Structure formats: structure tokens, C-alpha cells
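Novice: Attaching a single structure in C-alpha cells format; questions to follow.
The values are calculated or read from the model by the stated rules, or taken from the named source; none is laboratory data. Source: prediction; values computed, not measured. FYI the Cβ positions are ideal-geometry reconstructions off the backbone, even for glycines, and counts take in every protein chain you see.
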Amino acid sequence: MWNEIDIVLNSAATTNFDEGYDIALGINTYGALHVLNFAKKYIKLKVLVHVSTAYVRGEKVGYILESPFNMEETLNGTLGLEINAEKELVEDYLDKLRVHGATKEEITSAMKDLGIKRFLRIFQNMLKSFDFQ
């Protein structure tokens, strides 16, 4: 298999916008990272196609044509989200909730709230570029 496959296609993601941050980060971010690391093992790999979820345009505005990215390339040339730091933040927050005896429902609600807070913090520049009128 490692010598035969030359195309890997990934379209796995959660598109539930009410998802907890822990779940969304695990599926959409780490899931894609696992696919990338898996695809790197193929000797004849020509392309990894990743079909992403909504809101991946970064800070660009207007009509955006698709173009391929090379390994480690990003929309704006920066590293962007530090996913290991985000994972650690989620794990620490979950540990605190569990220590305080939070119920499953409280944890789910707290993770949704954390996801909203992290989105607003991380993508505040992107949000400023949109015209919401």
C-alpha cells in the first residue's frame, strides 16, 4: 500500500457549529493533522487533497480562487493557530471542570462556550475585515 497510493483525499470533519471546542479541535484540527502525517508515509504520494469546512479563507476578502498549497504553507505566511497550545488549554480546562465535579451537560456547555471565546480571540482580525451591514 505504501508503494502504490499516490493520492489521499480527506473530507472528514464536523460541521456542527454548536460543537464543543474539545470535539471540534479533535476532529477538524487534529484529524487533518493525523491524515497529513499518515499521507507523508506514502512513497509515491503526488497530492493530499483536503476538503475543508467553512471559514477557511483567513483574512482574505472577496472572491477567492483556489490554489494548491505546499507543505507548511499557510494563507498569510504565518503559522497561525498553535494547535498544541490549544489542545493543552482544552485539556487543562476539562481537568478543572472534572475536579470541580461538573456534570456531562455542564462540561458540554463549557466546551461550547470556550469554542466561541477562542474563535473570537483567534479570528478577531478576520472578523474585523468583514462588512456585517
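Novice: When the range 92-106 is examined, which residues are found to be free of Cβ contacts under 8 Å to residues at least 60 places away in the same chain and in a helix (DSSP H, G or I)?
Specialist: Result: ASP92, TYR93, ASP95, LYS96, LEU97, ARG98, VAL99, LYS104, GLU105, GLU106.
Novice: Another one. Can we say ASP18 is under 27 Å from GLN124 (Cβ atoms) and either at pLDDT 85 or above or among the β-branched types (Val, Ile, Thr) (or both)?
Specialist: No; evaluated as a whole, the condition is false for this residue.
Quick grid of which residues meet (1) of a type outside the set (D, E, K, R); (2) on the phi > 0 side of the Ramachandran plot; (3) at pLDDT below 85:
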{"position": "SER67", "(1), (2), (3)": "yes, no, yes"}
{"position": "GLU73", "(1), (2), (3)": "no, no, yes"}
{"position": "THR78", "(1), (2), (3)": "yes, no, yes"}
{"position": "LEU81", "(1), (2), (3)": "yes, no, yes"}
{"position": "GLU86", "(1), (2), (3)": "no, no, no"}
{"position": "VAL99", "(1), (2), (3)": "yes, no, no"}
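Novice: Among the residues of the range 7-21, are any assigned to a helix (DSSP H, G or I), in contact (Cβ under 8 Å) with a residue 60 or more places away in the chain and surrounded by 14 or more Cβ atoms within 10 Å (Cβ to Cβ)?
Specialist: Yes, the range 7-21 contains at least one residue that is assigned to a helix (DSSP H, G or I), in contact (Cβ under 8 Å) with a residue 60 or more places away in the chain and surrounded by 14 or more Cβ atoms within 10 Å (Cβ to Cβ).
Novice: Looking at the range 25-37, can you tell me whether even one residue there is touching a Lys or Arg at 6+ places or on another chain (Cβ under 9 Å), more than 20 Å from ALA85 (Cβ to Cβ) and modelled with pLDDT under 90?
Specialist: No, the range 25-37 contains no residue that is touching a Lys or Arg at 6+ places or on another chain (Cβ under 9 Å), more than 20 Å from ALA85 (Cβ to Cβ) and modelled with pLDDT under 90.
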